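The values are calculated or read from the model by the stated rules, or taken from the named source; none is laboratory data. Please read all numbers here as calculations on a predicted model, not as lab measurements. Every residue, glycine as well, gets a Cβ built from its backbone with ideal geometry; the counts of neighbours run over all protein chains shown.
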Amino acid sequence: MKSVSLPVKMLLLFAASLACIWGALFFELNRSRERDIADAQIATVFQARLYAENAKSVIKRLDEVMFDLRHYWNNEEEFTEHVHRQSAHISDIAFQIGVIGKDGYLAYSNLQKVQERVDLREREHFKVHAAEPVQDRLFISKPLKGKVSGRWTIQFTRPIIHEGKFEGVIVLSADPELFTRFNKALNLVGDSSLAISAADGSLMARYPDNDAHLGKTISGAPYQAPDAPDTGYFPRKSTVDGVERIYGYRKLQEYGLNFVIGHSLPEILARHDDQHYFMTLAALLVSLGLGVLFLILHQSLSARQAVSRQLLQSEERFKRMTKLTLVGMIIHDGKQITDVNPTFCQMFGYEQDELVGKSFEFLLTEESRAIVRQKIAEKCEDPYEVEAVRKDGSVFPAELVGRNVVYSGEPVRVASVADITERKLAQAELQASEERYHSLFAGSKVPNLLIDPASGEIVDANKAASDFYGYGVDQLKRMKISDINLATKEEVAQEMERAKREQRSDFHFRHRLASGEIRNVEVHSGPINVDGKTILYSLVFDETVRVRLEAERRKLIRAIEQSPVSIMISNTKGEIEYVNPRFLENAGYELSEVLGQNPRILKSGKTPPEAYAQLWGAITAGEEWHGELCNRKKNGELFWEQASISPVLDGEGKITHYLGVKEDMTECRRVAEELKRSRGELEQFAYVASHDLRQPLRMVSSYLQLIERKLGPALEGDLREFMDFALGGAKRMDQLIVSLLEYSRTGRSAEPFAEVKLSDVIRESCLNLEVAIADAKADIRVADDFPAIQGHWMELVRLFQNLIGNAIKYRSPERPIRIDINFTREGGELIVRVKDNGMGMDTKDHGRAFAIFQRLVKGDQHEGTGIGLAVCKKIVEQHKGRIWIESALGEGCCFYMAFPAQDA
């Protein structure tokens, strides 16, 4: 067999090398294209979810306003007031608040007063609610022209249902551009698009050219298929503007809305096209180098006679190639330029004769010259970047690939020069885009988790998730979602089934934080594709605070509105800003007559000016004021109120408002006056009756004594016993009348209170009981420095005389009697204690100990009338105090008395 010549073998090797180079190039380019498309798919899905969540929060705000307003529809004044408040609250998202009556005609609009009947019966949102009068649901209309505003609007509506009956429809009108303004937050540029459509494909808003596309219908989109998932992506040529895009979508089943983000496929592949260009250039240069190497080797094997001819042919071919190539080519000897091709001249802005023979270094910046010298010295053949200078002085980034060769018999360096300005811009844009995409995840204030659905492992988490759960990001990435979610697999499946049945995309779980605290959370989760693998992307919202605050807010509102006391809030100018229904009921005014007025509209002239001075002095100093006010109703009727008025402070401690809580005391005062009158009459009756009874009783006693003396010794046996019973009864009756007179006289003194030293009072009481104290050998110990109080000297002496006398009378025969009298100060009260070690009292008798005619021991054991402690109680209450007892049988008694303390 004839052997293959060496030149042929080299040619085959060259061909194989070229095949490998170009095959690898095409493989890498195809893989790069698929990777760019996959990255774009993830980004569009992520942006679509963000778009949908932002839109959902806006819809929820509008829905909460409708829930609030329709509650007041049956009260025109309150409804108008709440409309004004809510209009300011939602001015950034809605421009009109309206109500359609149950007859289908416009009943209210905050844009203008309803003067002409506007027929809205054919509006779809009215038909829907009228057809289902008791089904309370949110309806979102397609874009339509408002009959009042004349603008394109999307109308959000809910039925007004009162006591199970359909009363009309409340309407919030929003500009369709409400849903296109998110393009700035999502950084949509170029041919990127944003759209929201209804379930039937009707376009509700679109960016760009929103107005031009309203009312158009999208059909055949993958997300419109019945079995399409809530989140996904797809490539498609737009039926609206014809641009081919990669689309990501998010479906909100509960609202029947589809949110779609699209990025232009040509723009996505721009970086890929740059890579295609430069990798092709690199492959071309490598192929060119291999070709040159093949030619050199082929020439070395040829005969010496053909070397010059072949070299000449090679140089000619090289010149033609450099002239035809799309990259700049330069040949230099290390110092001066030998040759350049037309592309090089065009790139730098020079003619060929302006470059040949000159140093190549003037085409470089100072920093780049040193780099090129080093690469030449190293005989570097790898691509590297420099900064080149055009003829006009402008600087641009360039990529150089050089090689040392023999050209025209001389060693030279051949280099290709590529302007990589567009590549640099594309790289910068790509980096910025990647940073934006990353910031949407890492920089989000909402906890974000990426979860492997197969294993439940947390693939990634952002800082917000770390802050919320209390774990580091690295810790979270080593955990499973089951380490956080308290729900079992069965409970998770049940919640997902409930969400599907209720047509909602959010799930409600209980998550455990690192601290052990359990939080209620709302999770929005859906699948996305990452490097060909399905990953669950979850947004976690803390419901705990929102639910608690909402419940507390509603509870507080109900408590204030239903409060049995009147509540008023005024500003620092004294203008009334809020009153509750009980205030209006007590004062007899309508709400519109009170708001903005000064509380002096209630002034009756019966309250002393000093009381108002004390009131304003206290609250302007930041203190709370308590007292009674005599006010006048709208109809002129007077009424009394027990008021507590306090300042409301802001975070800096400044007074912003005043809060008044007042209870109508008119009836209480009337009853108290009646009780006082009745009590006075009763005491007067007791006094008169007691006084008049003593005279006939003395006569009975005198005649009994005369009979006893008359009979003399004949009075014996049963007759003596009968006489003793009669005399004893008369004596006890006289004691009872005396005690009753004493009780009725208590508190009847006309003398005003004066300062009384309790130490002197106790000393006087002990002097009055000197004989009894000595007979009982009582040890009485009184605290030093007893303070003074305001009171009546004689009444207080009777008080302590009764208590000390009772302690002596009911002493225990088992031990010497001891009585301790001391005091303490507690708050604004002086607490006086009288304690003995006598017989004591059963705890069940404490409640009736101070009642009149109540005796707690047998009459044959100790004499008494059962009035002494009742007198004590009456004296203490006369001094605006209170008295109580602590005791047990056999352990003595301790009487406590609380008097208003005097300032020290």
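Some values worked out for this structure:
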item: Within the stretch 772-786, considering residues that are in a helix (DSSP H, G or I) and of a type in the set (Gly, Ala, Ser), the one surrounded by the most Cβ atoms within 10 Å (Cβ to Cβ); result: Ala776
item: Residues (loosely packed, with under 15 Cβ neighbours inside 10 Å, closer than 19 Å to Asp542 by Cβ and either β-branched (Val, Ile, Thr) or modelled with pLDDT under 85 (or both)) located in the stretch 439-457; result: Gly443
item: Considering residues of the stretch 596-640 that are in contact with an Asp or Glu (Cβ under 9 Å, 6 or more places away or on another chain) and among the β-branched types (Val, Ile, Thr) only, the residue farthest from Ser570 (Cα to Cα); result: Thr607
item: Any hit, the stretch 358-371, residues being part of a loop (DSSP other than H, G, I, E, B) and closer than 14 Å to Val340 by Cα; result: yes
item: Candidates Tyr233, Tyr223 - the one that is of a type outside the set (D, E, K, R), assigned to a helix (DSSP H, G or I) and crowded, with 16+ Cβ neighbours inside 10 Å; result: Tyr223
item: Residue list for the stretch 178-216, restricted to those being closer than 25 Å to Leu106 by Cα and within 28 Å of the chain's Cα centre (by Cα); result: Leu178
item: All positions within the stretch 359-373 that are touching a residue at least 12 places away in the same chain (Cβ under 8 Å) and under 15 Å from Ser394 (Cα atoms); result: Phe362, Leu363, Leu364, Thr365, Ser368
item: Residue satisfying all of: in the stretch 152-177; in contact with a helix residue (DSSP H, G or I) (Cβ under 9 Å, 6 or more places away or on another chain) and among the hydroxyl-bearing types (Ser, Thr, Tyr); farthest from Asn75 (Cα to Cα) among these; result: Thr153
item: Pairs where the first residue, in the stretch 585-608, is assigned by TED's automatic domain parsing to the domain that holds Ser570 and the second is of a type in the set (Ser, Thr, Tyr), C-beta under 7 Å, 6+ apart; result: Asn586/Ser566; Pro599/Ser570
item: Some residue of the stretch 406-420 being surrounded by fewer than 18 Cβ atoms within 10 Å (Cβ to Cβ), assigned to a helix (DSSP H, G or I) and either assigned by TED's automatic domain parsing to the domain that holds Leu285 or not acidic (Asp, Glu) (or both); result: no
item: Residues located in the stretch 622-648, provided they are modelled with pLDDT of 90 or more and more than 24 Å from Pro564 (Cα to Cα); result: Glu623
item: Every residue from the stretch 236-269 that is in contact with an Asp or Glu (Cβ under 9 Å, 6 or more places away or on another chain), in a strand (DSSP E or B) and among the aliphatic types (A, V, I, L, M); result: Leu252
item: Segments classed as strands (runs of 3 or more DSSP E), wholly inside the stretch 71-170, with at least 1 members that are in contact (Cβ under 8 Å) with a residue 60 or more places away in the chain and within 26 Å of Asn258 (Cα to Cα); result: 96-101, 152-162
item: In the stretch 571-627, residue surrounded by the most Cβ atoms within 10 Å (Cβ to Cβ) [restricted to those that are among the small types (Gly, Ala, Ser) and in a helix (DSSP H, G or I)]; result: Ala587
item: Residue check for Ile789: in the same structural domain as Glu829 (by TED's automatic domain parsing), assigned to a strand (DSSP E or B), more than 19 Å from Val876 (Cβ to Cβ) and not hydroxyl-bearing (Ser, Thr, Tyr); result: no
item: Scan of the stretch 216-233 for residues that are farther than 16 Å from Leu257 by Cβ and among the small types (Gly, Ala, Ser), ordered by number; result: Ser219, Gly220, Ala225
item: Residue check, Glu367 assigned by TED's automatic domain parsing to the domain that holds Val414, under 18 Å from Pro383 (Cα atoms), charged (D, E, K, R) and modelled with pLDDT of 65 or more; result: yes
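Quick grid of which residues meet (1) over 24 Å from Lys731 (Cα atoms); (2) surrounded by 14 or more Cβ atoms within 10 Å (Cβ to Cβ); (3) modelled with pLDDT of 90 or more; (4) hydrophobic (A, V, I, L, M, F, W, C):
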{"position": "Leu796", "(1), (2), (3), (4)": "yes, yes, yes, yes"}
{"position": "Ser812", "(1), (2), (3), (4)": "yes, yes, no, no"}
{"position": "Pro816", "(1), (2), (3), (4)": "yes, no, yes, no"}
{"position": "Ile819", "(1), (2), (3), (4)": "yes, yes, yes, yes"}
{"position": "Gly838", "(1), (2), (3), (4)": "yes, yes, yes, no"}
{"position": "Ile852", "(1), (2), (3), (4)": "no, yes, no, yes"}
